[in-house]
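> First the structure, then my questions, so here it is.
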Amino acid sequence: MPVVSDARKTEPLSTSTPTLAVQYGIDPTSISVANGWTLSRPLSGKSATVYGLEISYLQHLTFLPGALSGIGLSANYRYTHSSTTGVPLRTDTPAQQRQAPNSGNFSPTYDRWRVSVRLGVSHNDANIFSYNHQNLNPDGSSKTVPLGIKGPNGDTYLYGHTQVDAQASSRMYRGLHLIVPGLNPTNEVFGFYNRSTQYPIQREYYKTGYMFGLRYTLSN
């Protein structure tokens, strides 16, 4: 399936650069190629392919006895393989940006009487955030890259991410509900690295978030 690939290529400064500089609060007179300034813009690759499969499962276990009949399960798994050609200044066929090879969701649920509970676990493998590796010079000749594509000059990746979220609600009186969500109790990391986790760029932790709320629904 051909799709458009987003790649980046460094180019000389254009006549529109001074206008852009003013928008970002930069003195236009300080911008010149001699001072090392360059202009970077998105470009489309030649072609790309994506294929994969997805499996989903949804079941309410109403056949269980008593209180257990409120248990349910929702889950899905997705595998994708992608490649793209024509990324500027490189000869390989990297994966598409933001295409995690393996991803999925697992969500046990419970709904019975006045109580509703949801637990959600979502996962995405590490995947390319932006293309950074280049093994060609602007004139098309080969370029020596220290440690190659797996080194610190490799593509920029998002860390693999597995996050847990939960929410419980209870109907207190007629249309009045108490809602208690809990976000990211495992304090999962978010961030970027260049090809290998031994070359980190950024790591972010957001801790766990808890909230309490009341919701009232008017009767029809």
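Coordinate-derived values only; no laboratory data. Model, not experiment: these values are computed from the prediction. Don't worry about glycine lacking a Cβ; one is built from the backbone with ideal geometry, like all the others, and counts go over all protein chains shown.
> Report the local net charge at S169: Lys and Arg +1, Asp and Glu -1, summed over other residues whose C-beta lies under 12 Å from its C-beta.
My count for the surroundings of S169 gives +3.
> Using modelled backbone amide H atoms (1.01 Å from N, in-plane), which distant-in-sequence or interchain residues come within less than 5 Å of G191's amide H?
Y159, E204
> Tell me, in nm to one decimal, what length is gained between W113 and Y205 on full extension, where the rule is 0.36 nm per residue of separation less the Cα-Cα distance?
Fully extending the segment from W113 to Y205 adds 29.4 nm.
> Here is a further query. Taking 2.2 N^0.38 Å as the expected size of a compact globular protein, what ratio does the Cα radius of gyration of the stretch 47-216 give against it, to two decimals?
For the stretch 47-216, the normalised Cα radius of gyration comes out at 1.44.
> Order by neighbour count: F212, F106, fewest other Cβ atoms within 10 Å first, most last.
F212, F106
> For the stretch 109-142, list residues with backbone N below 19 Å from a point placed 7 Å from the Cα of S74 toward its Cβ?
109-124
> Please say if the stretch 72-127 is rounded, prolate or oblate, where rounded means a/c under 1.5 for a ≥ b ≥ c the square roots of the C-alpha gyration tensor eigenvalues, and otherwise the choice is prolate for a/b larger than b/c and oblate otherwise?
prolate
> Grab the other residues whose beta carbon is less than 14 angstrom from that of L68, score K and R as +1, D and E as -1, and report the net.
So the environment of L68 carries a net charge of 0.
> Grab every C-alpha pair in the stretch 113-204, bin the distances at 5 angstrom width from 0 up to the longest one, and report whole percents.
Over the stretch 113-204, the share of Cα pairs per 5 Å bin runs 3, 12, 15, 13, 11, 9, 8, 7, 6, 5, 4, 3, 2, 2, 0 percent.
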